[in-house]
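Just so you know, all these numbers are worked out from the coordinates, no wet-lab data involved. This is a predicted model, so every value here is computed, not measured. All Cβ positions, even for glycine, are placed from backbone atoms using ideal geometry, and neighbour counts span all protein chains on display.
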Amino acid sequence: MNKAKHIAIIMDGNGRWAELQGKKRVKGHEAGAGVVRAITEYCAAQEEIERLTLYAFSTENWKRPRLEVEFLMKLLDKYLNQELETLMKNNIRFETVGDLGAFSKKLQKTIQTVKEKTSHCDGLVQSLALNYGAQDEMLRAINSLKKSQDDITLEMMSQELDCKHDVDLLIRTGGDHRLSNFLLWQSAYAELFFTDTLWPDFTDKELDKIIKKFTKVERRFGGLK
Ligand code: IPE
Ligand code: IPE
Ligand code: MG
C-alpha cells in the first residue's frame, strides 16, 4: 500500500464558488481559508501524512485586479494570526515555499513569527506556497548553483529548491486539469487527482476517498512490478 507522506493541493475554484452564489469573488477566498484549516487538521490527525503543501498564491496571481490581490494579502495575514494557536495545539510546523521578498514587510514579519513559534513542532508540516511558481523556484536554484565549478547533480538541485520533498499525491480542485506552475520538479512521479469540487466545498471526507484510491495505485517509478 502506498503512503501519502507528502500531499500537495492546488486549491482552485474560490472565485467561481462565490460567483455561483451571486457573491463577490473575495467571499470565496474567505470560505476557502476555512477549508484550509479543516483539511490541515484532518492531515495532522493521520500519522502517515508528514507534509501538506498548499498552493495559496502563484507568481502569476499578481496579474489579478489590484483589489483582489490586496484582499488576498490581508486575508493571509489574518489567517496566519488566527491559525497560530491551532497550529501549535496540533503540533503543526509552518513553512513556506516561494519568494517572500515581494510581500509587504508586515506580512513577511507575520509569516516569520508563525514559522518561529511553530519551529519546535514535529507533527505535520503545513507548507504554504506563497508567490510560488515552479519555474521561478528552479531558476533561483540554478542561478545559485551556477556559481559552483562542478556539474549540477540531481541531489544538488533538489537541495537548492524551496521544496526539497517529492510529492506523493497531488490534488487539484475546481475542475481544471493542469498544474499551473506548481511543484513541477517535485511532482515528477506524483499521482495526480483532479476533482470538480470547488475548493470551498472540498471536505476531509473527499480527501479521505482520494487517499484510499491513491493507496491502491501501482506506482512503478519507471521500473516493473
Ligand atoms: C484559487 O481560486 C485561489 C487563488 C488562486 C488565490 P481562484 O481565485 O483561482 O478561483 P477560480 O478558479 O477563479 O474560481
Ligand atoms: C492556481 O490557480 C494557483 C492557486 C491555486 C494559488 P489559478 O486559478 O491561478 O490557475 P489558472 O490561472 O486557472 O491556471
Ligand atoms: Mg482559479
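Observations, loosely collected:
- Yes/no for Asp166 being of a type outside the set (A, V, I, L, M, F, W, C), touching a residue at least 24 places away in the same chain (Cβ under 8 Å) and in contact with a strand residue (DSSP E or B) (Cβ under 6 Å, 6 or more places away or on another chain): no
- Residues of segment 106-143 classified as acidic (Asp, Glu) and either under 14 Å from Cys163 (Cα atoms) or crowded, with 19+ Cβ neighbours inside 10 Å (or both), total: 2
- Selection over segment 207-225 of residues that are in contact (Cβ under 8 Å) with a residue 60 or more places away in the chain, in contact with a strand residue (DSSP E or B) (Cβ under 8 Å, 6 or more places away or on another chain) and part of a helix (DSSP H, G or I) gives a count of 3.
- Options Ile211, Ile142, Ile171; residue that is within 15 Å of Ile9 (Cα to Cα) and more than 14 Å from ligand 2 (Cβ to nearest atom): Ile211
- In segment 182-206, the residues that are free of Cβ contacts under 8 Å to residues at least 40 places away in the same chain reach residues that are within 15 Å of ligand 1 (Cβ to nearest atom) with C-beta atoms within less than 6 angstrom, at least six apart or across chains, in these pairs: Phe193/Ile171; Phe194/Arg172; Phe194/His177; Thr195/Thr173; Asp196/Gly175.
- Hits in segment 4-19 (condition: more than 9 Å from ligand 2 (Cβ to nearest atom) and part of a helix (DSSP H, G or I)): Arg16, Trp17, Ala18, Glu19
- Residue check, Leu192 of a type in the set (A, V, I, L, M), within 15 Å of ligand 2 (Cβ to nearest atom), assigned to a loop (DSSP other than H, G, I, E, B) and surrounded by fewer than 17 Cβ atoms within 10 Å (Cβ to Cβ): no
- Here segment 180-189 is the region considered, the condition is being away from ligand 1 (no atom under 16 Å from the Cβ) and within 30 Å of Lys63 (Cβ to Cβ), and the residue that is surrounded by the most Cβ atoms within 10 Å (Cβ to Cβ) is Gln186.
- Of the numbered criteria (1) within 21 Å of Arg178 (Cβ to Cβ); (2) within 14 Å of ligand 1 (Cβ to nearest atom), the one Ala8 fails is (2).
- Qualifying residue in segment 75-83 (condition: more than 16 Å from ligand 2 (Cβ to nearest atom), part of a helix (DSSP H, G or I), hydroxyl-bearing (Ser, Thr, Tyr) and within 26 Å of Gly123 (Cα to Cα)): no
- Restricting attention to segment 151-171, the residues that are exposed (fewer than 11 other Cβ atoms within 10 Å of the Cβ), outside any helix (DSSP H, G or I) and acidic (Asp, Glu) add up to 1.
- Restricting segment 11-23 to residues that are of a type in the set (D, E, K, R) and within 15 Å of ligand 3 (Cβ to nearest atom), the residue that is nearest to Lys89 (Cα to Cα): Asp12
- Qualifying residue in segment 95-105 (condition: in contact (Cβ under 8 Å) with a residue 12 or more places away in the chain, closer than 27 Å to Ile210 by Cα and surrounded by fewer than 20 Cβ atoms within 10 Å (Cβ to Cβ)): yes
- Within segment 196-209, tally of residues that are buried (at least 19 other Cβ atoms within 10 Å of the Cβ) and either within 19 Å of Val167 (Cβ to Cβ) or of a type in the set (Val, Ile, Thr) (or both): 3
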